[in-house]
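Report on the structure given below.
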Amino acid sequence: MTPNLRLKPKKSPWLILLVLLAPAVWSQEPVRELPISERMVGLLSRSTEHLDEDFAYIETHWQRAWTPMVIELMYLSGDRDTAQRLRDLLYKKTRQRHGFNFNDWLVWWWKQERAVDPDYADFKSRLYRLIDRRFEGYFSNERVARIRLDAVVWGGVAQDGIPPLRQPEMIGAKQATFLEDDNVIFGIALNGDVRAYPKRIMAWHEMFVDEIGGTEYAGVYCTLCGAMILYETHFDGVRHELGTSGFLYLSNKLMYDKATQTLWSSTWGEPVIGPLVDQGIRLKRSHLVTTTWGEWRRRHPDTTVLSTRTGYGQDYSEGAAYREYFATDELMFQVPTRDRRLKNKAEVLALTFPDITEDTMALSAKFLKKNSLYVDQLGAQRFVVLTDRSGANRVYEAADVEFVEYDRDSSITDSEGNVWALTEGALSFTDQTLARLPAHRAFWFGWHAAHPDTELVK
């Protein structure tokens, strides 16, 4: 009789391994399906529940276009361990060693071949609403942008965290006892309304909105780029209520308007991110002059002056705001390239006549001080720059008049011996008038960053 044998099937080593690992595999939660913008911003969440998973996902599925996201996360992370993990991730994926230096990372990234993730705008919206809910509206994947979003950098304040002065108190010249003759002011004279806005006050507020000579203007002062520009707030019948966005583009201040939360370039006077982009909007500039209080008061003894009674408890003494920044040639926020023909913060007179030409020009303030009468042409616009004894610059139409001598005060002589009178609004001789043109002083690096193809006269 044949014994009853039980046959034992041969076991595959792979099958054994699968059986041993099965409990762990079956119990593992599936990787969450999230847009990369949400997963990235989740790294800054106080909850650590999914932190390791998110880091592992980003590292495993890495795309070069995620680089600026990680740079911004590292910059804003309040947790040192998370910041270190982000720094290590950047090093592993880029082989760059910039440590925690946000500016160096950005400058390096801007020099690389551009790569943009389709969810990058949504990432910025999710990220910056953690700081100020109003920032959420600045960015979205649906918003049109005419500038690089990875060059839009948070300046460290909330929306209107640097508070604009709206219809501020103005006082008479005799009441402005807080001002010394050598204090810098921005002088404005329009339609019989003459005003002085001290730099020492504007450095704390960076913007005023007020009616001057019957027209509402926004005076926008970018402290970082050293530029004060005067814009009409109405365009094509629409009033734009402007404020300080809290963000910068290439170290130039970005404004916003309250109705649409569109971001505007303070240097161009145009919308750059949001629904107003590509609508043909460009705010009209008006002229002003950067001069000293003593010189302005001599010319305009009846001027009014911005009062220190602003409602804010700032130290409005001369040089109190941005003292260290103005004292060196170092930048607070970097730009992609620097033009070494002038120092970063060398002052230039910036010229742009957008209704005539897209070309721009920068004239060195030192050059103009040595050449108090300077005639040139930008596009079809021929102009003359007059620099008075205080170093203040005023620009006027030149037309076909050949000017030959300027007394560095209030009159200019042409080649036929005619003496033209100089006022804030125009040059005039008998019934001939040459209008004042808009121009403003700026730091060279900031103007060049906004206008890299600008012509330089030095």
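Observations, loosely collected:
- Listed by first and then second residue, the pairs linking a residue in segment 320-332 that is under 13 Å from Phe445 (Cα atoms) to a residue that is open to solvent by 70 Å² or more (accessible area, probe 1.4 Å) and of a type outside the set (A, V, I, L, M), with Cβ atoms under 7 Å apart and 6 or more places separating them unless they lie on different chains, are Asp329/Lys343.
- If the condition is being over 15 Å from Phe123 (Cα atoms), assigned to a loop (DSSP other than H, G, I, E, B) and without any contact (Cβ under 8 Å) to a residue 24 or more places away in the chain, then segment 31-71 contributes Arg32, Glu33, Arg46, Ser47, Thr48, Glu49, His50, His61.
- Contact annotation: residue pairs with Cβ atoms under 7 Å, 6 or more positions apart or on different chains, pairing a residue in segment 72-95 that is without any contact (Cβ under 8 Å) to a residue 12 or more places away in the chain with a partner that is surrounded by fewer than 20 Cβ atoms within 10 Å (Cβ to Cβ) and assigned to a loop (DSSP other than H, G, I, E, B), are Tyr91/Arg97.
- Top-ranked residue of segment 123-141 - restricted to ones that are part of a loop (DSSP other than H, G, I, E, B) and touching a residue at least 24 places away in the same chain (Cβ under 8 Å), ranked as farthest from Arg39 (Cα to Cα): Asp132
- Filtered by the rule that a residue be within 12 Å of Val385 (Cβ to Cβ) and among the hydroxyl-bearing types (Ser, Thr, Tyr), segment 352-369 gives a lone residue, Ser364.
- Considering residues of segment 338-396 that are under 26 Å from the mean Cα position of the chain (by Cα) and among the polar types (S, T, N, Q) only, the residue nearest to Asn183 (Cα to Cα): Asn393
- Residue-level check: of (1) in a loop (DSSP other than H, G, I, E, B); (2) under 16 Å from Leu283 (Cβ atoms), Asp210 misses just (1).
- Segment 300-314, residues that are farther than 21 Å from Asp210 by Cβ and touching a residue at least 60 places away in the same chain (Cβ under 8 Å): Pro301
- Residue match in segment 128-141 (condition: surrounded by 19 or more Cβ atoms within 10 Å (Cβ to Cβ) and over 26 Å from Gln279 (Cα atoms)): yes
So that you can scan it fast, the table gives a plain yes or no per residue for (1) part of a strand (DSSP E or B); (2) in contact with a helix residue (DSSP H, G or I) (Cβ under 7 Å, 6 or more places away or on another chain):
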site	(1), (2)
Tyr221	yes, yes
Cys225	no, yes
Val272	yes, no
Val277	no, no
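- Lone qualifier among Asp388, Asp376, Asp414, Asp409 - being surrounded by 15 or more Cβ atoms within 10 Å (Cβ to Cβ) and more than 30 Å from Lys253 (Cα to Cα): Asp414
- Selected residue (only one of Pro118, Pro68 is open to solvent by 20 Å² or more (accessible area, probe 1.4 Å), modelled with pLDDT of 95 or more and at negative phi): Pro118
- Taking every residue in segment 142-162 that is more than 16 Å from Pro68 (Cα to Cα) and pairing it with any residue that is open to solvent by 40 Å² or more (accessible area, probe 1.4 Å) and part of a helix (DSSP H, G or I), at least 6 positions away or on another chain, the pairs with Cβ-Cβ distances below 6 Å are Gln159/Arg134.
- Residue that is surrounded by the most Cβ atoms within 10 Å (Cβ to Cβ) [pool: residues in segment 392-406 that are of a type outside the set (A, V, I, L, M) and in contact (Cβ under 8 Å) with a residue 40 or more places away in the chain]: Tyr396
- Residue in segment 167-182 that is outside any loop (DSSP other than H, G, I, E, B), open to solvent by 10 Å² or more (accessible area, probe 1.4 Å), touching a Pro at 6+ places or on another chain (Cβ under 9 Å) and within 28 Å of Met69 (Cβ to Cβ) present: no
- Scanning segment 228-280 for residues that are farther than 24 Å from Met202 by Cβ and surrounded by 18 or more Cβ atoms within 10 Å (Cβ to Cβ) gives Gln261, Ile273, Gly274, Leu276, Val277.
- Output for segment 283-336, where each listed residue is open to solvent by 40 Å² or more (accessible area, probe 1.4 Å) and at positive phi: Gly311, Tyr322
Quick grid of which residues meet (1) touching a strand residue (DSSP E or B) at 6+ places or on another chain (Cβ under 8 Å); (2) small (Gly, Ala, Ser); (3) within 14 Å of Leu254 (Cβ to Cβ):
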| site | (1), (2), (3) |
| --- | --- |
| Ser140 | no, yes, no |
| Gly155 | yes, yes, yes |
| Asp182 | yes, no, no |
| Met207 | yes, no, yes |
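The values are calculated or read from the model by the stated rules, or taken from the named source; none is laboratory data. As the structure is a computational prediction, the values presented were derived from the model and not from experiment. Glycine also receives a Cβ, built like all others from the backbone with ideal geometry; neighbour counts cover every protein chain displayed. Protein only, heavy atoms only, side chains kept; ligands, DNA and RNA dropped before computing areas. Shrake-Rupley method; radii C 1.70, N 1.55, O 1.52, S 1.80 Å.
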